[in-house]
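Here's the structure, in structure tokens; my notes come after.
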């Protein structure tokens, strides 16, 4: 029999051996209809099985019972005595035991492997021991010890958990739905922690999640857990049979025997969450179904479980309906790719539900988002329709809360003799209530300012400055600082009823024209330079020449070309052909002009004003005129005939672009080479054409007319529609994104010069700014009527990190034009990696940023988010560091590499066959540390200088001191200090387990080390132990402050701790909901940050006071201060963000965003200030604004602030 034939026989035998006789016969008949030989082979095996002697079965049963026989209670295993049997699993028996060696007494759980089990099971047992050894988390049972009995039976000693399965716990304690969700979030956080260490549990179910009496959930039984990336070895010992699993909680891919990923655990978590919320199983098994994976798998694929809200107890159904239904069913989707991409995303959606935010498991329709907002802000919405009324109401309520809190405190004071403790609690509650009242008022004031009414901002600023000790400070009171925003820096007064506006090509000038005034020429900072011409009935279109030195303006009966000093250069001959609604465009070389309008024609003129040709053919008014980039062709279009036409400059018609289903609202040249044409029409589509009239593609699927179409510099198309949305398309017709958020038709859309941003104008009286991937960035509110146009200021230089980097011009009916400054306190986005970013680093000057990624690259960026270089490794890049103007990178390809900042490879440190590379650092030389215990010293050119031997296990970290000594930390439990030439100076001994990190103090007199023994130790540089700091959790990092006065440590308990240099505790930084991944000090040592897998970066004062929280949509892997300490760089997923966090810059924002100063009455009414303070503040504000108004505006701030402070 061939191997292939044997597999066929084996497969059919396995399928029918357990079936009843009747079903077995039918199955054989079906499978062997054309293969009698196959049936004969299988039937012979079945006869052998059915006829097996009964005494053999008895012997097997007896042997099985012998294997199950537990160890004797009271017996000793190592230092432990067995007390009671707790349970029995697939691999062995679990006992409750007690340490009994006289050292100390504690109860533990011991898992003892049965003798005689298969090599596969023994391998799984070893895996469980290894996996538990790597998991240090409050939600995961801890491995304490391990060993083997005299008979060779291996065992594990684990933390003993005295608790109930999670589903029994929530019932016994009658937990509310919200409390059940909170409990589940803690379980999910533990699973996410395991996933971050590439461990998939594979058997998540209520019986493997115990909850202690104090409500702490503990995840255990990693007996069939899988270490991702260990597939080859595992495959070798799992081919013999199916993996153990629990069908009711197993995913479809588990039942099919397909590869396991983190999506497997997400499905099981969904099944547990379903049961917690409904008290019913997601997929209850029928009798015998637990042995029939095929039947269960078919049920899974045939349909999703019943919606939780339909099976839960009646009291919970309403709360489950909607968001929770969708969250749970998304986690339980039969197809892994349709589930949440990570446990963190599942956690995030549940948290969003709990605080009333829209969840990602549900389509974010306008009605849904509005409903969530109303429920989340019911009290605020009910407070009134007027903004000012809402503010006043909030202040009244807040102050009332504070008064009530004070009364509670007073009552408690009077009862102090009877209950001192109660009085203290009441005083604390009173202070919390007062602080909350102030926060509510502050946040409402500033949020109202950011929504378009900034008149109270300076009053708020002054009040905040008077309360420097409040922990919420700038950031907590101004929550929108962590999101991008644009500030209106000037209204171009005199441009009332602006109907047209344009920037010069260099961005230094802008021009406006209005229905009640002539054209006006402005400096970019809003200073009026010239009034061009006499007052006209109506001013019309205008355009700067390509070089930016000339301006053409159209008005009733007049068409004039001007120099920027206001000199009239030429007048177009034939002004009778110019009307107030005419359009004008310059050719790319600036030698010709084209105009078009109501007479159904277009005209071509010389720059001196002479008519060259007339383009006739349209049957209605011409609404668009545009030149190709090379000046060879002219494009005209009409909203009414409806066609577009392509012409040569001499008036020869090249092509007519017809077949539109409605009027053409916009048309322009563009595409990668500038030789394509887009026409946007009332039918909801846009058409892309070649110059010869060939239709290339139809894009767009809007439900209303397309009002505008814009080409990006890289050839993408953006469409704006009256259906209140805009869309982004690639040239090949692929839809990139839909921009949804406006509450009225969108009438104009424009790309920023670098194609990273989009701006839209809408009838809803706002403009909006979007990222090129469709993400909403900012809403520009403040216009009182529909916004008609948006225009980005051109940039002659690439983006930088200046506050005034991006400027947007907006016009609206009957109002002055406005300019808006994009503050790159927004965060600046760094987008370009294809996989997770693992590390970030600023260059020494702070002008460059480097990011290392799992996509095998390091990208070098400028501070504006523009990529400047890409450095390529052969595998994931774990770390990156700057060495002056060069970079040092470490990769999973087992090399460290040195690069120039432009991406040029200088050297590769390491070669095939070297011991595993763990880390690298630089100083007098470059160090690489290895798993064999060696440390190698290199020159930057790749020459090996020396190898430091002495450690007996892997070296996990190295660091150079300021006086050129090297400290190395090793898993052998020691740290060592070396000279730069490789001479060993001293060994730091005393840790009981692996040393994970070692850090020099800035003055090189002390060393701090962290260890798996849960201690941090501070040493003198000669090796003398100064202090041992015992932690309650595994310490993962230690960092000294720049002045050496403090150090901060992070632990597996999601906390960071600040210590003095002598080892005295200063503060514990709490609040993160997941592992802390980064910790860093600002350059002046006054602030520090912590970044976490919970998606938050927190900014702290050096004494532990929380200053700010920066929210991210995903886990944050890295974070760093820039060298100046004014910005924070963070990474999440495949992108990074740069935040402005300097309070001085935020103060600048307040001053520069003020169109007017609130008067004393307004300050007294809203802020409840004494009259004298209100009058003084109003006067101060007017004085500051008067100073800022003196040109040049953009250079005045520092001088005015100094003048203001001196006067005070």
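A few comments on the model shown:
- Considering 917, 909, 944, 905, the condition of being loosely packed, with under 15 Cβ neighbours inside 10 Å and within 34 Å of the chain's Cα centre (by Cα) is satisfied by 905 alone.
- Any hit, segment 1122-1145, residues being in contact with a helix residue (DSSP H, G or I) (Cβ under 6 Å, 6 or more places away or on another chain), modelled with pLDDT under 90 and either within 21 Å of residue 863 (Cβ to Cβ) or in a loop (DSSP other than H, G, I, E, B) (or both): yes
- Among the residues making up segment 88-108, none is part of a strand (DSSP E or B), at pLDDT below 85 and out of contact with any helix residue (DSSP H, G or I) (no Cβ under 9 Å at 6 or more places or on another chain).
- Residue in segment 677-698 that is under 17 Å from residue 757 (Cβ atoms) and buried (at least 19 other Cβ atoms within 10 Å of the Cβ) present: no
- Residue satisfying all of: in segment 732-765; touching a strand residue (DSSP E or B) at 6+ places or on another chain (Cβ under 7 Å), farther than 22 Å from residue 807 by Cα and part of a loop (DSSP other than H, G, I, E, B); modelled with the highest pLDDT among these: 745
- Only one entry in 858, 831 is under 29 Å from residue 507 (Cβ atoms) and in contact (Cβ under 8 Å) with a residue 24 or more places away in the chain, namely 831.
- Strands (runs of 3 or more DSSP E) enclosed by segment 862-924 - at least 1 residues per element that are at pLDDT below 90 and in contact with a strand residue (DSSP E or B) (Cβ under 9 Å, 6 or more places away or on another chain): 867-872
- Strands (runs of 3 or more DSSP E) completely within segment 998-1117 that count 3 or more residues being buried (at least 18 other Cβ atoms within 10 Å of the Cβ): 1006-1011, 1015-1020, 1035-1040, 1046-1051, 1056-1060, 1076-1081, 1087-1092, 1096-1101, 1106-1111
- Those strands (runs of 3 or more DSSP E) of segment 122-229 in which at least 1 residues are at pLDDT 85 or above, considering only elements entirely within it, cover 154-159, 163-165, 209-212, 217-219.
- Residue check for residue 393: assigned to a loop (DSSP other than H, G, I, E, B) and either over 29 Å from residue 249 (Cα atoms) or modelled with pLDDT of 55 or more (or both): no
- Top-ranked residue in segment 186-201 [being over 16 Å from residue 1092 (Cβ atoms) and within 21 Å of the chain's Cα centre (by Cα); ranked as surrounded by the most Cβ atoms within 10 Å (Cβ to Cβ)]: 191
- Index of the failed condition, residue 359 passing every other in (1) within 20 Å of the chain's Cα centre (by Cα); (2) part of a helix (DSSP H, G or I): (2)
- Boolean, residue 660 is surrounded by 23 or more Cβ atoms within 10 Å (Cβ to Cβ) and either in a loop (DSSP other than H, G, I, E, B) or touching a helix residue (DSSP H, G or I) at 6+ places or on another chain (Cβ under 7 Å) (or both): no
The values are calculated or read from the model by the stated rules, or taken from the named source; none is laboratory data. This is a predicted model, so every value here is computed, not measured. Glycine gets a Cβ as well: all are built from the backbone with ideal geometry, and neighbour counts include every protein chain shown.
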